[in-house]
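Just so it is clear, none of the values below were taken in a lab; they were calculated from the coordinates. Bear in mind that the values here come from a model prediction, so they are computed numbers and not experimental data. Please note: Cβ atoms are built from the backbone with ideal geometry, for glycine as well, and neighbour counts cover all protein chains shown.
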Amino acid sequence: MNQTTTTGYKFILIDENNIPFIQGTSTKIVELVTSIQAYGWSPEELHFQYPHLSMSQIYSALAYYWEHKQEIDEDVKRRFEYAEKQRLEAGISPLSQRLRNQDLIQ
């Protein structure tokens, strides 16, 4: 059974790994933040892209982010560095290599 901790933010819980997420969902605050950073999405666009979230949940998540910006930004950076390390270690996929050999991609 997963343990969670409540926060002072309606809809926001902290899981056993100290990751904030939206109550009743598996959506992490970091997911919304990276969507904003990558695509420039507004809260309304987040709602369109994540229709299972209410606007109240989204605004609560964003409020939590702004109050914990440094630690969440560090989490985003850590996740990016991990993904980049995995990408570099994996090397070029066989499909990518075939497409490059056919000059279909660079």
Is there a residue in the stretch 15-27 that is closer than 17 Å to Gln70 by Cα and either in contact with a Pro (Cβ under 7 Å, 6 or more places away or on another chain) or among the aromatic types (Phe, Trp, Tyr) (or both)? yes
Would it be correct to say that Tyr65 is within 13 Å of the chain's Cα centre (by Cα) and closer than 17 Å to Lys77 by Cα? yes
What number of residues in the stretch 43-64 are under 13 Å from Gly8 (Cα atoms) and of a type in the set (Ser, Thr, Tyr)? 2
I want to confirm something. Restricting to the stretch 43-70 and keeping residues that are free of Cβ contacts under 8 Å to residues at least 12 places away in the same chain and exposed (fewer than 11 other Cβ atoms within 10 Å of the Cβ), which single residue is nearest to Thr6 (Cα to Cα)? Trp66
I'd like to check which strands (runs of 3 or more DSSP E) are fully inside the stretch 4-49 and have at least 2 residues that are over 14 Å from the mean Cα position of the chain (by Cα), within 18 Å of Arg79 (Cα to Cα) and of a type in the set (S, T, N, Q). none
